[in-house]
Amino acid sequence: MGSLGAILRHPDDLYPLLKLKIAANHAAKQIPPEPHWAFCYTMLHKVSRSFGLVIQQLGPELRNAVCIFYLVLRALDTVEDDTSINFDIKVPILEAFHRHIYDPKWHFSCGTKEYKVLMDQFHQLSTSFLELGKGYQEVIEDITKRMGAGMAKYILKEVETVDEYDEYCHYVAGLVGLGLSKLFYASKFEDLVSDSLSNSMGLFLQKTNIIRDYLEDINEIPKSRMFWPREIWSKYVNKLEDLKYKEISDKAIQCLNDMVTDALLHAEDCLKYMSDLRDPSIFRFCAIPQVMAIGTLALCYNNIEVFRGVVKMRRGLTAKIIDRTNTMADVYGAFFDFSTMLKFKVEKNDPNATKTLSRIEAIQKCCSNSGLLNQRRSYILDTKARFNSALVNPILFHISSDII
Ligand code: D9A
């Protein structure tokens, strides 16, 4: 749970934190009896604490398909990320991964910690996969095939242009959006959403991760690949590593803000995607990560800490988002609040200020045009308050940066 200090500073975090803890205990009791399914659900909760809980609340059939899809993708990632595997070995594994999932005898040892366990016990995953309905299997196979090929293409390639950045993010995240939309459709709970909107759902999440994880990625030993596109960072520095050195912190901030502005482009598509969903549990499953993403972008914007340490939302705020994201009105409210926070952080002398502000305005317009912004608890004030930008003063901004 959150630290005592954090709870004392944010006492209203306590209730959502307790609720989350209870949900986690409940989920732990619901592990299925069959050993291969027990393995999959135990793994799921190990690799992803809060997202695992959100998967758990889906209906039984879809839950199994999503759990397997999630773990297959994690396994593929483990192969992609393991820098000790030679290129000549790695590429054929990535390209044939969609066939390995049908073979309970296949396994390949790599990765560390829980990912090593996942790879060593891969047969548990393929055994479970083979029990899914054919419709689900085919979606997972198709996405795994396309993602593996995309990863292989980028293994030795740097991300140069913004188009390449979008293409790389499509392979590793956009395709996840496409696959999930097809799984929802196969479950008969949803209509089929367009590939373009599904892709945006992945790009918004992945770009947020790439921004937030700058320092972790750049400091990785052995050196890992970086995904910030040269077309953006070369406007500010000669080498991507230079962003973390103090002497040029104004350039670093401008570059960071440019990256956040690029990511904001996907927010409107995401709102459209979510507004088309009908099933409440699928809705929550999709909406919680998106609200976290816009919150994280608001937190990272103009924040030098991205280059100095880990910038993450406090656990209490994550718990609040999980507790309070249930309807489209909640999502519009959250996107509106976090956009307002962003707006206050934009400084006039930032080279992209105009572009950033116009993207923020477009998001806010989308939220207010819905007609669903009403009396609700704001993430910024966190009392029952209508968050009207005309009422907001600069003092509030300081409060909000502490609250987040
Ligand atoms: C998702 Cl099946 C992801 N990724 C996420 C998590 O959300 C998406 C990986 C596998 C699956 C799903 C996600 C959720 C709902 C709808 C989606 C969707 O599309 C319609 O994907 C686009 O991040 C990873 C990619 C971005 C690469 C796709 C959310 C998640 N959160 C983490 C928190 C964190 O900080 O990473 O995994 C967690 O709770 O551990």
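Taking amide H as placed 1.01 Å from N in the peptide plane, VAL346 has no amide H partner under 5 Å among residues 5 or more places away or on another chain.
Candidates THR325, SER187, PHE51 compared by Cα position along the dipole of the chain: farthest toward the positive end lies THR325, with charges placed on Cβ. Principal semi-axes of the equivalent ellipsoid, √(5λ) from the alpha carbon gyration tensor of the chain, are 33, 27, 20 Å from largest down. Output the 0 to 90 degree angle, nearest 10, between the alpha-carbon long axis of helix 328-345 and the longest principal axis computed from the alpha carbons of the chain. Computed tilt is about 60 degrees. Rounded to the nearest 20, the size of the Cβ-charge dipole of region 74-141 about its Cα centre is 160 debye, with Lys and Arg at +1 and Asp and Glu at -1. The phi torsions of region 229-246, fed into the Karplus equation with coefficients 6.51, -1.76 and 1.60 and a -60° offset, translate into couplings of x, 4, 3, 8, 5, 5, 6, 10, 9, 7, 10, 4, 4, 4, 4, 8, 8, 3 Hz, rounded to whole numbers, with Gly and Pro shown as x. A simple rule links phi to the HN-Hα coupling: the Karplus curve 6.51 cos²θ - 1.76 cosθ + 1.60 with θ = phi - 60°, which for region 54-60 gives 5, 5, 4, 7, 6, x, x Hz, with x for Gly and Pro.
Annotation for region 215-250 versus region 333-379: alpha-carbon center distance of 28 Å.
Please identify the longest segment of the chain free of exposed trypsin sites (Lys or Arg not before Pro), where exposed means a DSSP state other than H, G, I, E or B and no more than 13 other Cβ atoms within 10 Å. All intermediate terms of the calculation are to be shown ahead of the outcome.
Working: sites that count: LYS105, LYS157, LYS188, LYS223, LYS235, LYS239, ARG278, ARG308, LYS312, LYS348, ARG386.
Counting at most 13 other Cβ atoms within 10 Å as exposed, the longest clean stretch of the chain is 1-104.
What stretch of the chain, leaving out the sites themselves, is the longest with no chymotrypsin sites (Phe, Trp or Tyr not before Pro) in a DSSP loop having at most 13 other Cβ atoms within 10 Å?
Details: sites that count: TYR102, TYR245.
That would be 246-404.
Would region 296-376 count as rounded, prolate or oblate if I go by the C-alpha gyration tensor, calling it rounded below 1.5 in a/c and otherwise prolate when a/b exceeds b/c, oblate otherwise? Cα axes put region 296-376 in the oblate bin. A simple rule links phi to the HN-Hα coupling: the Karplus curve 6.51 cos²θ - 1.76 cosθ + 1.60 with θ = phi - 60°, which for region 75-88 gives 5, 4, 4, 4, 5, 4, 6, 6, 6, 7, 8, 5, 3, 5 Hz, with x for Gly and Pro.
Sorting LEU156, LEU130 by accessible area puts them as LEU156, LEU130; the probe is 1.4 Å, largest comes first, and only protein heavy atoms count.
What is the local net charge at ARG278, summed over the other residues whose Cβ is closer than 10 Å to its Cβ (Lys, Arg +1; Asp, Glu -1)? Walk me through the numbers before you get to the answer.
Numbers: positive: none; negative: GLU190, ASP191, ASP276, ASP279.
So the surrounding residues net to -4.
For the chain, find the longest principal axis of its Cα atoms and tell me its angle to the long axis of helix 280-300, 0 to 90°, nearest 10. Here the helix axis deviates by roughly 50 degrees. When the Cα positions of PHE97, ILE304, TYR379 are compared along the charge dipole of the chain, TYR379 comes out farthest toward the positive end, with charges on each C-beta of Lys, Arg, Asp and Glu. Is the shape of region 147-294 rounded, prolate or oblate, going by the alpha carbon gyration tensor and its root eigenvalues a ≥ b ≥ c, with a/c under 1.5 for rounded and a/b larger than b/c for prolate? Judged from the Cα gyration tensor, region 147-294 comes out prolate (a/c at least 1.5, a/b above b/c).
Could you pull out the longest piece of the chain with no exposed loop GluC sites (Glu not before Pro) in it, calling a site exposed if DSSP puts it outside H, G, I, E, B and it has at most 15 other Cβ atoms within 10 Å?
Values: sites that count: GLU131, GLU158, GLU160, GLU220, GLU347.
My reading of the result: 1-130 is the longest stretch.
Dipole size of the chain about its Cα centre, with +1 on Lys/Arg Cβ and -1 on Asp/Glu Cβ: approximately 1200 debye, rounded to the nearest 20. Can you give me the relative contact order of the chain as a percent, contacts being Cα pairs under 8 Å and 6 or more apart? The value is 14 percent. So, counting K/R as plus one and D/E as minus one, what does the shell of residues with Cβ under 11 Å around HIS266 add up to? Around HIS266, the charge tally is -1. Axis of helix 315-324 versus longest Cα principal axis of the chain: the two differ by about 80°, to the nearest ten degrees. With a/c under 1.5 counting as rounded, go ahead and sort region 2-45 into rounded, prolate or oblate using the C-alpha gyration tensor (a ≥ b ≥ c being the square roots of the eigenvalues; past the cut-off, prolate if a/b is larger than b/c, else oblate). The shape class here is prolate.
The values are calculated or read from the model by the stated rules, or taken from the named source; none is laboratory data. Please read these numbers as outputs of a predicted model, since none were measured by experiment. No Cβ is skipped: glycine too gets one built from the backbone with ideal geometry, and neighbour counts run over all protein chains shown. All accessible areas refer to the heavy atoms of the entire protein, side chains included, with ligands and DNA or RNA removed. Shrake-Rupley method; radii C 1.70, N 1.55, O 1.52, S 1.80 Å.
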